[in-house]
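Bear in mind these aren't lab numbers, they're just calculated from the coordinates by the rules spelled out. This is a predicted model, so every value here is computed, not measured. No Cβ is skipped: glycine too gets one built from the backbone with ideal geometry, and neighbour counts run over all protein chains shown.
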Amino acid sequence: MDLHALLRALLRRWYVAAAALTIALTVTVAAAGAAPATTTARTSVLLLPPTADLDGAANPYLYLSGLGQATDVLIARLNGDDVAEPVQERHPGVTILVARDGTTTGPILLVTATGADPAEATSAVQDVLALVPEELADLQQSLAVPDRYTITSTALTGVDLEPPDTTGRTRAMLAVGVLGVGAAVLVTCAVDRLLGRWAERRRARADLPGAPPQPGGGSPAAPADDEPADDDAPATAA
C-alpha cells in the first residue's frame, strides 16, 4: 500500500483511526506512570589511617595512600548479603550500591541509592552510612587489631540529592507511543480492507443472474390493466 492509498484509507475510516489513537494515547500515559522519574542520593566516606602510622604528624591526610586494600575489603563487606539484605528489605524499590569513588585515588567510598521516592533514597543512604563505622570496627576486632592501629572513617559530605532522572520515563513514552501509532494505522488499514472486500462481495452477489433485487433497486412496476386508455389513441372501427 502506497502513501496515497494509506492516506485515503485513514480518511475513509477516520472514526476507526480516532478510536485507535485514543487507545494508544491512554496506553502511553499509563506507561509514563508505570516508569516514574528516579532520584539518586549519594554521600562519600573517607577512611583515615591509624594513629600509629602518623608518627606524631598533625595531618592524617598525608598518610592515605596505604588504605586502598582496606577500602576494597570494607566495600565487599557492605555489599555482602549479610549486611546489604537487611538494608534492602527496609527500603524496597531502592537500588543501593557501595563502591570506590572513581574520581579520586584516595580511600573514599561512594554510597548511592536510587529510587522513585527521594526520601526513601535518602533514608537508605543514611542507613548504609551508619553501618560503615560499625562494619569497619567489626572487621578489625575480628582480627584483634590494637586500638592504635585501628582504621577509622569519616563522612566527607552530607547526603546529596541529584536532579530527578526522567530518561526511563521518556524512553517508555516514546516506545509505547510509536508502537501505539503504528498499531492504530495498521488496525485502520485492516478495517478498511475488510469493509472494502465485504462491499465487493455484496456487489458481486447482486450482479449474479437470478439474484433478488436489492432494497430500493427493483425495476419499475408495469402499468396496471385497468389504467384508462390514452385519449389520443385512435378508436377501433365497429
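Can you name the number of the only condition in (1) within 28 Å of Asp138 (Cβ to Cβ); (2) in contact with a Ser or Thr (Cβ under 7 Å, 6 or more places away or on another chain) that Val16 fails?
Here Val16 clears every test but (1).
Can you list residue pairs whose Cβ atoms sit under 7 Å apart, with the first residue in the range 175-197 being over 16 Å from Ala31 (Cα atoms) and the second being charged (D, E, K, R)? Count only pairs 6 or more apart in sequence or on different chains.
Qualifying pairs under 7 Å: Thr188/Arg13; Val191/Arg13; Asp192/Arg12; Asp192/Arg13.
What's the total number of residues in the range 1-43 that are of a type outside the set (A, V, I, L, M, F, W, C), assigned to a helix (DSSP H, G or I) and touching a Gly at 6+ places or on another chain (Cβ under 8 Å)? Before you say what the answer is, go through the steps one by one.
Here is the first cut: in the range 1-43, the ones of a type outside the set (A, V, I, L, M, F, W, C) are 2, 4, 8, 12-13, 15, 22, 26, 28, 33, 36, 38-40, 42-43.
Next cut, assigned to a helix (DSSP H, G or I) only: 4, 8, 12, 15, 22, 26, 28, 33.
Narrowing further to those that are touching a Gly at 6+ places or on another chain (Cβ under 8 Å): 28.
Summing the residues that are of a type outside the set (A, V, I, L, M, F, W, C), assigned to a helix (DSSP H, G or I) and touching a Gly at 6+ places or on another chain (Cβ under 8 Å) in the range 1-43 gives 1.
From the list Leu139, Leu143, Leu131, Leu110, which residue is closer than 19 Å to Ser65 by Cα and among the hydrophobic types (A, V, I, L, M, F, W, C)? Before the answer, list the steps.
On the way: Leu139 fails: closer than 19 Å to Ser65 by Cα; Leu143 fails: closer than 19 Å to Ser65 by Cα; Leu131 fails: closer than 19 Å to Ser65 by Cα.
Within the list Leu139, Leu143, Leu131, Leu110, the selection yields Leu110.
If you go through the range 157-170 one residue at a time, do you hit one that is on the phi > 0 side of the Ramachandran plot and without any contact (Cβ under 8 Å) to a residue 40 or more places away in the chain?
No, that holds for no residue.
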